[in-house]
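Since the structure comes first, as structure tokens, the remarks are kept for the end.
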């Protein structure tokens with residue numbers, strides 16, 4: 001994202017407003033949800049059985065309950081065995097956007113179609129198609145997340161329960177059951193400069209989210225031990241275009257990609273905790289005809305949930321991902337020929353999130369998002385620093401989606417979110433490095449206050 | 001001597017009844033409602049006619065096993081034609097893994113080992129009428 005801002009300023013200062021719009025779009029992306037009324041109809045459960053908040057979490061807000069994690073692990077196939085249900089759901093989101101700079105607006109920002117549910121006892125999935133507001137009363141349709149699964153349940157290994165499955169998905173980490181990795185929450189740090197933060201961070205520019213396709217094999221052993229390995233390939237740019245994505249966000253040509261995830265997850269009914277590690281290694285050519293960079297991501301995550309009797313739920317998660325980069329080229333600065341890019345670098349993303357939910361209807365979330373990396377004067381203009389720090393504050397109300405609600409299979413959520421930047425491009429003032437005499441931009445100028453109303457049915 | 005023995009026996013009986021009554025009243029349905037929410041509610045509804053992955057538990061105490069007409073029970077439970085969900089039966093069933101007491105059941109539950117929680121839960125289930 002920052003790279004986008006830098007290009008705006010460096011090459012076309014007049015379109016700064018467009019840059020702000022881009023930041024706002026990222027925030028819109030953070031408001032999408034994964035709670036699907038089709039799943040509620042399929043299982044007879046309420047949304048609040050799988051999600052700590054009765055509208056679900058997804059972009060921000062409460063996370064999955066342990067029961068929701070099991071539903072995901074079972075390939076979205078669990079059912080109440082009460083007839084065939086149509087695995088279709090929809091969502092509409094109206095947003096009032098009040099950016100720190102620029103005009104406020106109120107629009108129907110997103111209309112979503114979900115194909116989600118079970119096909120057979122062993123095959124199920126999640127497919128989201130979204131139409132995002134593109135300005136001037138136009139919408140852009142995109143194929144968002146997909147997660148198609150084949151699962152073998154009720155297996156035994158050494159006398160212990162074993163679930164094995166295969167997931168075909170388009171974002172490394174999206175299919176994760178604990179659902180705190182950046183791809184699963186759409187809540188990564190807003191990224192630094194160039195293709196940063198880490199490759200696993202969906203908020204990074206040129207991230208793989210929705211633009212790759214891969215398969216992973218996963219297993220849950222003895223209810224507590226989760227393991228997953230897989231590989232991904234980026235979609236051709238023509239396919240990305242057909243799926244509704246701008247070519248400028250191409251993650252590049254990736255090859256020799258390996259992904260793994262291991263976690264210990266303990267469901268104590270009234271409490272839950274997990275500890276996991278995640279890794280990804282790939283060779284990336286960006287641009288596709290250019291030299292290949294070697295990227296290696298390694299991260300860990302810790303979560304805790306106090307669930308109690310579901311009246312007062314507290315969820316805490318911490319994700320820490322380090323990326324090592326070995327670049328395929330060391331370009332010279334076009335501005336200062338005496339500067340040469342470093343051959344290696346590192347990027348580092350950290351997310352800390354705390355959510356409190358009362359009666360699964362009222363909630364508040366606080367999140368601290370931080371991204372930083374090795375200083376490189378050529379790769380990360382204007383200051384050579386990719387560091388970004390941001391905070392997210394959300395309050396929400398979801399009156400339905402519980403068993404005793406007016407309806408438990410359709411839903412409404414009202415939310416107010418304040419997205420706040422405190423550091424951008426490694427600095428706290430003049431973040432785009434404009435010369436003296438030109439109006440500067442502070443990180444706070446990227447802040448935005450959003451009020452959203454979402455309905456799912 | 002026989003009179004003394006008779007008297008002691010009567011006293012023991014009264015005391016035993018009093019203790020049993022006290023024990024019975026110690027089970028707290030209000031607390032049991034919370035136990036239900038954390039242990040059972042994801043798969044079972046306390047509402048009449050509402051089945052989830054598991055059948056509705058409305059009226060469960062005293063109900064014949066596998067007897068709800070609109071729920072698809074496992075063959076394993078349908079074969080238990082002699083089971084009635086009395087408090088005692090529920091106590092035995094819920095205190096250990098479901099697959100142990102009824103191999104082949106769809107129910108995935110490891111059992112509730114906390115005796116107080118179990119008493120409270122069964123007390124709460126008894127209120128679902």
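Each reported figure results from applying straightforward, stated rules to the coordinates on display, with no laboratory input. What you see is a predicted model, and the numbers here were worked out from it, not measured in a lab. A quick note on method: Cβ atoms are made from the backbone with ideal geometry, for glycine too, and the neighbour counts reach across all protein chains shown.
What the table below lists for this structure:
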quantity	calculated
For A:356, A:259, B:124, order by how many other beta-carbon atoms lie within 10 Å, fewest first	A:356, A:259, B:124
Sequence-separation-based contact order of chain A, relative, with Cα cut under 8 Å and 6+ spacing, percent	15 percent
Ordering of A:384-395, A:173-184, A:343-354, B:74-85 by burial proxy (mean other Cβ atoms within 10 Å per residue, highest first)	A:173-184, A:384-395, A:343-354, B:74-85
Förster-model FRET efficiency, 41 Å R0, residue A:217 and residue A:330, C-beta, rounded to 0.05	0.60
Efficiency of FRET from Cβ geometry, residue A:418 and residue B:74, R₀ 51 Å, rounded to 0.05	0.55
Over the range A:414-457, relative contact order from alpha-carbon pairs under 8 Å, at least 6 apart, %	51 percent
Shape call, the range A:260-314: gyration tensor on alpha carbons, a/c limit 1.5	prolate
Spin-label pair residue A:122/residue A:134, simplified geometry with 7 Å Cα→Cβ offset, distance in nm	4.1 nm
Å³ per residue enclosed by the Cα convex hull of chain A	128 Å³
Separation between Cα centres of the range A:65-92 and the range A:281-325, rounded to whole Å	26 Å
Dimensionless Rg/Rh of the range A:380-450 - Kirkwood Rh, Rg from C-alpha atoms	1.31
Sequence of A:86, A:213 once ranked by neighbouring C-beta atoms within 10 Å, starting from the fewest	A:86, A:213
Label-point separation in nm, residue A:451 to residue A:152, each point 7 Å along Cα→Cβ	5.4 nm
Calculated FRET efficiency for the pair residue B:115/residue A:243, C-beta based, R₀ 35 Å, to 0.05	0.05
Backbone N within the range A:375-406 under 17 Å of label point (7 Å from residue A:100 Cα along the Cβ vector)	A:387-394
Peptide A:45-54 - average C-beta neighbours from other chains (10 Å radius)	2
Per-residue [θ]222 nm for the protein assembly as shown (sum of -39500 (n - 2.57) over DSSP H runs n ≥ 4, rounded to 500)	-5500 deg cm²/dmol
Inter-site label distance for residue A:107 and residue A:434 at 7 Å from Cα along Cβ, in nm	2.3 nm
